[in-house]
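Got a structure for you, questions after.
The values are calculated or read from the model by the stated rules, or taken from the named source; none is laboratory data. Since we're looking at a predicted model, the values are computed, not measured. Neighbour counts run over all protein chains shown; Cβ positions are idealised from the backbone, glycine included.
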Amino acid sequence: MKIILAIILGSLFGFALYKSGASNTKKILSMLRLENLNLAKIILFAIGFSSILVFIANSLGIFDISHFSVKATNLGVIIGGIIFGIGFGSIGSCPGTCVAAAGGASFKKAFSAILGGLFGAFIFSLSYGWFSELGLFSTIDLGKLTLFQISDKYPSVFQLGFIGLLISGIILSAVAWFLPSKPFKKDTISSLSEE
């Protein structure tokens, strides 16, 4: 039953990515170039709204912290994040968006991004022992760090608890609401890229 629920929820998530334009590489790159921030507004609102929903679920006693998974923060994760960011900014796709894009018109690009991600994961799994011996995963080891203290199991940056989720959710939703869709005129962007 869990696998069926996962397939249904994954399909709904992929459909939402596709309909919002989050699987469109042109829209992603346009957002990253600050030419059109509609997608950024959707992302900010989704994070803010879901933070508010988690706060409400916890207040009602229906949030089960055991379903919450936090990955360790260390130098390897930081370097991996930088590599991911460079790749994301270069091609305008990430693991979730390329799978959603595979169902659309840009199948070839999406499929090549999926293959590239699988190849990168394979190479990483082969080299994991070597990276571990180098100390990549023990350097800057911050443990399973969270932004807000929502469980005694995880260290946090701020001791605000679930109220921190509510506050950040409201702030992110407000930013999404007031953020202009096109912050710069086209001639301003052209002149910035020429410099």
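Go through the stretch 101-135 and give me each residue that's within 13 Å of Gly76 (Cβ to Cβ) and not hydroxyl-bearing (Ser, Thr, Tyr).
Matches in the stretch 101-135: Phe124, Gly129, Trp130, Phe131, Glu133, Leu134, Gly135.
Six or more apart or on different chains, Cβ atoms under 6 Å: show the pairs whose first residue is in the stretch 172-185 and surrounded by 13 or more Cβ atoms within 10 Å (Cβ to Cβ) and whose second is β-branched (Val, Ile, Thr) and in a helix (DSSP H, G or I).
Leu172/Ile47
Looking at the structure I just gave you, is Leu172 closer than 30 Å to Asn38 by Cα, at pLDDT below 85 and either assigned to a helix (DSSP H, G or I) or not basic (Lys, Arg) (or both)?
So Leu172 fails the test.
Here are some conditions: (1) surrounded by 12 or more Cβ atoms within 10 Å (Cβ to Cβ); (2) at pLDDT below 80. Ser191 meets all but one. Which one does it not meet?
(1) is the only condition that Ser191 fails.
With the requirement that a residue be free of Cβ contacts under 8 Å to residues at least 12 places away in the same chain and not hydrophobic (A, V, I, L, M, F, W, C), what does the stretch 88-111 give you?
Ser90, Lys108
Take Ile78 and decide whether it is within 18 Å of the chain's Cα centre (by Cα) and farther than 27 Å from Ser20 by Cβ.
yes
Tally up the residues in the stretch 1-31 that are part of a helix (DSSP H, G or I), surrounded by 15 or more Cβ atoms within 10 Å (Cβ to Cβ) and among the hydrophobic types (A, V, I, L, M, F, W, C), please.
So the answer is 4.
While we're on this one: Could you check Leu142 against (1) in contact with a Phe, Trp or Tyr (Cβ under 8 Å, 6 or more places away or on another chain); (2) closer than 27 Å to Asp64 by Cβ and say which number it fails?
Just one mismatch for Leu142, condition (1).
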